[in-house]
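Coordinate-derived values only; no laboratory data. Given the structure is predicted, the values throughout are model-derived calculations rather than measurements. Here the Cβ positions follow ideal geometry from the backbone for every residue, glycine too, while neighbour counts run over all protein chains shown.
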Amino acid sequence: MFIKVAKYLIPKGYSGMTVFPFVFVKHSFDKDDLVLINHEKIHLRQQLELLILPFFIWYGIEYIFRFFQHKNTYLAYKNISFEREAYANEMNLRYLDNRKFFLFLRYLNWYKK
């Protein structure tokens, strides 16, 4: 994992983004945010499980589905299974130590919340 500061690459309202093997953060002080880095490490694991490119295809398709489901860009993002797993476990800095493969599938909820 390589952490890089990329202020203009990160969309407004967000602090980080992961594209294997890089974690991009908006500000240099974000490198020290253990919760943010753990969130992004969860995405690294997800990307590896799906062999990187299929992760981004799935992410995009699920985002589109969630957008039509919720009619809201933020809710669409927050309800992507990859994001649901990462947000649910970002505070547990030991989460990846025992995480089973493809656990993000448990976070696929097809009904509207």
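Among DSSP beta bridges lying fully in segment 2-107, give the percent that are antiparallel, nearest 5.
Antiparallel: roughly 50 percent of the beta bridges in segment 2-107.
For the peptides 1-11, 82-92, the ranking by packing is 82-92, 1-11, with the highest mean count of neighbouring Cβ atoms within 10 Å listed first. Charged side chains reduced to their Cβ positions (Lys and Arg at +1, Asp and Glu at -1) give the chain a dipole of some 300 debye around its Cα centre. Modelled spin labels at residue 84 and residue 105, positioned 7 Å past Cα toward Cβ, are 1.5 nm from each other.
Under a 5 Å amide H cut-off, with hydrogens placed 1.01 Å from N, residue 19 pairs with 24 among residues at least 5 apart or on other chains.
Per residue, the convex hull spanned by the Cα atoms of segment 39-113 measures out at 82 cubic angstrom. Structural descriptor for the chain: relative contact order 20 percent, calculated from alpha carbon pairs under 8 angstrom and at least 6 residues apart. For the residue pairs 41/100; 7/71; 7/100; 31/78, the C-alpha atoms sit more than 26 angstrom apart in 7/71; 7/100.
State whether segment 6-75 is rounded, prolate or oblate according to the following rule on the C-alpha gyration tensor (a ≥ b ≥ c being the square roots of its eigenvalues): a/c under 1.5 gives rounded; otherwise a/b larger than b/c gives prolate, and the remaining case gives oblate. Spell out each step's value before the answer.
Values: a/c = 2.21, a/b = 1.32, b/c = 1.68.
Taking the square roots of the gyration eigenvalues as a ≥ b ≥ c, segment 6-75 is oblate.
Placing a pseudo-label 7 Å from each Cα along the Cα-to-Cβ vector at residue 98 and residue 58 gives an inter-label distance of 2.3 nm.
If you wrap the tightest convex hull around every Cα atom of segment 1-44 and split its volume per residue, you get 61 Å³. On a 0 to 90° scale, report how tilted helix 53-70 is relative to the longest principal axis of the chain, with both axes built from alpha carbons and the result rounded to the nearest 10. Taking Cα atoms only, the helix is inclined about 50 degrees. With contacts taken as Cα pairs under 8 Å at a separation of at least 6 residues, segment 1-54 carries a relative contact order of 32 percent.
The phi torsions of segment 89-105, fed into the Karplus equation with coefficients 6.51, -1.76 and 1.60 and a -60° offset, translate into couplings of 10, 5, 7, 8, 5, 9, 3, 6, 4, 10, 5, 7, 4, 6, 5, 4, 4 Hz, rounded to whole numbers, with Gly and Pro shown as x.
Among 95-103, 15-23, how do they line up from the highest to the lowest mean number of other beta-carbon atoms within 10 Å? Each step should come with its number before you reach the end.
Details: 95-103: 11.6, 15-23: 17.3.
Those peptides, ordered most packed to least, come out 15-23, 95-103.
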